[in-house]
Amino acid sequence: MSRLLFLQRSMRVLFLSLVLFELTDAHNFLLVSPVFGYSHLKFMSKVGDTLANAGHNVTILQIYNYEHFGKIRMTKNKNIELVDYHDERNAEINENSASAFKFMWDTEIINNPITGALATSSKSSWIKNYTNGFCQRISMGLSLKLLTFVVYILIISIRKINNTCSLSYHHVPAMRTKFGKEQTVTDRVGDIIALPCLEMAFSKLFDKQYNQATNLLKGDVRHWKEILQTATFYFSNGNDYISFPTPFVPKHIRIGGFTIDPPKNLKLDDDYEKILGLRKSTVLISFGTVIQSADMPDSFKDGIIKMFHNLPDITFIWKYEVDDESLSKRLSKNAILRKWVPQPALLGKSLHFRLSDPRLKLFITHGGLGSTLEVAYSGKPALMIPVFGDQLLNAKMLSRHGGAQVYDKYDLADGEKLTEAIREVIENDDFNKNSNLIADLLKNQPIDPKANLLRHVEFSAKFGRISALEPYNVHYNFIQYYMLDAYAVLVLIVLVIVYFVHIMVRFIYGQVFRSKSKKD
């Protein structure tokens, strides 16, 4: 009896020790999450869940730039403290938010969502107010005086905002230039022009944020360049096995795919199970949450509807955000409209790796980074129709693996061309094989993105700033950065050598000529 009592007390002491160990090993994290779109909200919520599930204390400051998502809670861990910040100045923005980005469907100027907004601010008071408000609210994050800064960046190429790594322009193409074997001299000239302009546009935006924060806080603000350069790590939503291969410094950590988990329940609700069973093949069409299908030009809608009629043996699920009786009357029986689609669930069996539902043949997507990663993990072929921003680059990025095809948004008006593009992707088995290969690569990647995120964040919380990871070239000026002074010295040395060689040759030639003249 005494031995049993001793064991019970020992277990209690052990349990208490483990609990205390967990408590002392936990860190406090503040995540500043600007709520701009569904993918952004999902991304930062998933970061919070990952840290909280590991036993850390997490607070998420959600700065709402788009009140449409004000009632959506995506964090699953109940221990996360959510702090919402709503600005009354959002009134005008949110009054027109449903169709705020409508103009991006039919404009060539948009190569990036933010730079495009800046470029077109004179044409749209909504965009101007939105950009100003966005800068003011983001500037809050610049004032935080924390020991460790961990910066999350939803941009594929870190070069666009910080020159901490010297990347050659041929590693990642510009938004609208070709790459690889198809690249021409014209494309390379375009890269030289477009990429620096994009970098300057982002710098201009961040400088505006910094200046506003400086005015609000009377100068007690760290410059954004200093924050990025001294951050322990910065994370991007890219993935080594999908993204363009680029050299980067060790503090740049790619965690693309950490938001994607195999679903616990692979069964869809009865409505979608019934839809998938209507025909042998089903295609999902979704252009995300920022850009709405309902706002596309009528000519684009006409082309899509014509494509529906051309492919009666395929069921199409189209995410269409509003009730449109006029459009519904023109649809064929194989087209089904839904204001919201459970995209992860429809790709659910695919996301569980190699258990994909054969009824879903194709995913037609705008190429947002979240959707791009989801379809890559799913093993499903994709027809990517980028509308604006990084979608253009994401489409190139995935299509180079052979599992997706890029389709110009302006060709949506051509129903026949769209029909042929869909037929090609569905009927060509190479797309299916290549997309399955991508999924297998992601399933078996050596380092799990979620574990990679967690370990680096915990490491940064423990050690703080690590100067050994900071390349010194960030302190160089333009001449030093591109080693123009060193090249100038080398060229000068070569010219001096050539000059002396020339003098020596002339001297020797002169001596030989004089000697010959005396003999004659």
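So for region 483-495 (the condition being farther than 28 Å from MET397 by Cα, surrounded by 13 or more Cβ atoms within 10 Å (Cβ to Cβ) and free of Cβ contacts under 8 Å to residues at least 60 places away in the same chain), does at least one residue qualify? Steps first, answer last, please.
Our first condition is that a residue be farther than 28 Å from MET397 by Cα; within region 483-495, this holds for 483-495.
From what's left, surrounded by 13 or more Cβ atoms within 10 Å (Cβ to Cβ): 483.
Checking which are free of Cβ contacts under 8 Å to residues at least 60 places away in the same chain leaves us with 483.
Yes, region 483-495 has at least one match.
Of the residues VAL491, VAL474, VAL457, VAL496, which single one is β-branched (Val, Ile, Thr) and in contact with a helix residue (DSSP H, G or I) (Cβ under 6 Å, 6 or more places away or on another chain)? Explain how you work it out, then say what you get.
Working: VAL491 fails: in contact with a helix residue (DSSP H, G or I) (Cβ under 6 Å, 6 or more places away or on another chain); VAL457 fails: in contact with a helix residue (DSSP H, G or I) (Cβ under 6 Å, 6 or more places away or on another chain); VAL496 fails: in contact with a helix residue (DSSP H, G or I) (Cβ under 6 Å, 6 or more places away or on another chain).
Among VAL491, VAL474, VAL457, VAL496, only VAL474 is β-branched (Val, Ile, Thr) and in contact with a helix residue (DSSP H, G or I) (Cβ under 6 Å, 6 or more places away or on another chain).
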Next item on the list: Please verify whether region 267-285 includes one or more residues that are under 22 Å from the mean Cα position of the chain (by Cα), modelled with pLDDT of 85 or more and crowded, with 18+ Cβ neighbours inside 10 Å.
Entry: yes
Note to self: I'd like to know if region 215-228 contains one or more residues that are surrounded by 16 or more Cβ atoms within 10 Å (Cβ to Cβ), touching a Gly at 6+ places or on another chain (Cβ under 9 Å) and part of a loop (DSSP other than H, G, I, E, B).
What the structure shows: no
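Condition test on ILE479, is it within 24 Å of the chain's Cα centre (by Cα), exposed (fewer than 15 other Cβ atoms within 10 Å of the Cβ) and within 25 Å of VAL249 (Cβ to Cβ)?
Details: within 24 Å of the chain's Cα centre (by Cα): no; exposed (fewer than 15 other Cβ atoms within 10 Å of the Cβ): yes; within 25 Å of VAL249 (Cβ to Cβ): yes.
Considered against the rule, which asks whether it is within 24 Å of the chain's Cα centre (by Cα), exposed (fewer than 15 other Cβ atoms within 10 Å of the Cβ) and within 25 Å of VAL249 (Cβ to Cβ), ILE479 comes out as no.
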Check: Can you name every residue in region 440-460 that is under 18 Å from ASN237 (Cα atoms) and part of a helix (DSSP H, G or I)?
Finding: LEU441, LEU442, LYS443, PRO449, LYS450, ALA451, ASN452, LEU453, LEU454, ARG455, HIS456, VAL457
Check: ASN452 is checked against (1) of a type outside the set (A, V, I, L, M); (2) closer than 30 Å to ILE255 by Cα; (3) modelled with pLDDT under 90 and fails just one. What number does that condition carry?
Finding: (3)
Check: Hey, does region 361-371 have a residue that's surrounded by fewer than 18 Cβ atoms within 10 Å (Cβ to Cβ) and at pLDDT below 95?
Finding: no
Notebook entry, point to check: Of (1) part of a helix (DSSP H, G or I); (2) over 17 Å from GLU416 (Cα atoms), PHE308 satisfies all except one. Which?
Noted result: (2)
Margin query: Which residue is farthest from ARG465 (Cα to Cα), if the candidates are limited to region 234-252 and must be crowded, with 22+ Cβ neighbours inside 10 Å and among the hydrophobic types (A, V, I, L, M, F, W, C)?
Written below: ILE242
Next item on the list: Please go through region 461-517 and pick out each residue that is modelled with pLDDT under 90, assigned to a helix (DSSP H, G or I) and hydroxyl-bearing (Ser, Thr, Tyr).
Entry: SER467, TYR472, TYR481, TYR509, SER515, SER517
Next item on the list: Kindly indicate which of GLY288, GLY303 is part of a helix (DSSP H, G or I) and not β-branched (Val, Ile, Thr).
Entry: GLY303
Item checked: Enumeration of residues in region 385-421 that are surrounded by fewer than 23 Cβ atoms within 10 Å (Cβ to Cβ), aliphatic (A, V, I, L, M) and more than 19 Å from the chain's Cα centre (by Cα) -> LEU412, ALA413, ALA421
Checklist line | Checklist (1) among the hydrophobic types (A, V, I, L, M, F, W, C); (2) assigned to a loop (DSSP other than H, G, I, E, B); (3) in contact with a strand residue (DSSP E or B) (Cβ under 6 Å, 6 or more places away or on another chain) applied to PHE316, failing item | finding: (2)
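The values are calculated or read from the model by the stated rules, or taken from the named source; none is laboratory data. In this text, all values refer to a predicted model and were calculated from it rather than measured experimentally. Every residue, glycine among them, receives a Cβ derived from its backbone with ideal geometry; neighbour counts consider all protein chains shown.
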